[in-house]
1. Going residue by residue through the range 41-59, is there one that turns out to be of a type outside the set (Ser, Thr, Tyr) and over 16 Å from the mean Cα position of the chain (by Cα)?
2. Determine which single condition residue 70 fails, assuming it passes every other condition in (1) under 19 Å from residue 13 (Cα atoms); (2) modelled with pLDDT under 90; (3) touching a Leu at 6+ places or on another chain (Cβ under 9 Å).
3. Sort through 19, 36 and tell me the only one that's modelled with pLDDT of 90 or more and aromatic (Phe, Trp, Tyr).
4. Does residue 97 satisfy being surrounded by 13 or more Cβ atoms within 10 Å (Cβ to Cβ), in a helix (DSSP H, G or I) and free of Cβ contacts under 8 Å to residues at least 12 places away in the same chain?
Amino acid sequence: MDIRERLLELQRQRGWSDYKIAKEAGLSPNTVSNIYRRGNTPSLVTLEALCKAFGISTAQFFSEGDMLEVTPELKELFEKWMALTPEQKEAIWNIIKTYDK
């Protein structure tokens, strides 16, 4: 996978400028520019900052299929789900399945 191309794909999907990416990731505009224009490979720390700005994990960044954007709401839902007992999970799952019709 070409990291630069993947970053460009994520940028196009969101309609973000290079400046917007840098701002959201907490990076200098020069860092983003060097990745795009000079073909510099970002460090792991830089890539993690970019992924966080895009709302994805580094695993999602490298995935080939559809990716799920982890919004704050989904993150909260996952955290609450993990705190449930197996019985509570089963009860909630049964409720969810009733809406699947």
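1. Checked the range 41-59: at least one residue is of a type outside the set (Ser, Thr, Tyr) and over 16 Å from the mean Cα position of the chain (by Cα).
2. For residue 70, the failing item is (3).
3. Residue meeting the stated conditions: 19.
4. So residue 97 fails the test.
The values are calculated or read from the model by the stated rules, or taken from the named source; none is laboratory data. Model, not experiment: these values are computed from the prediction. Don't worry about glycine lacking a Cβ; one is built from the backbone with ideal geometry, like all the others, and counts go over all protein chains shown.
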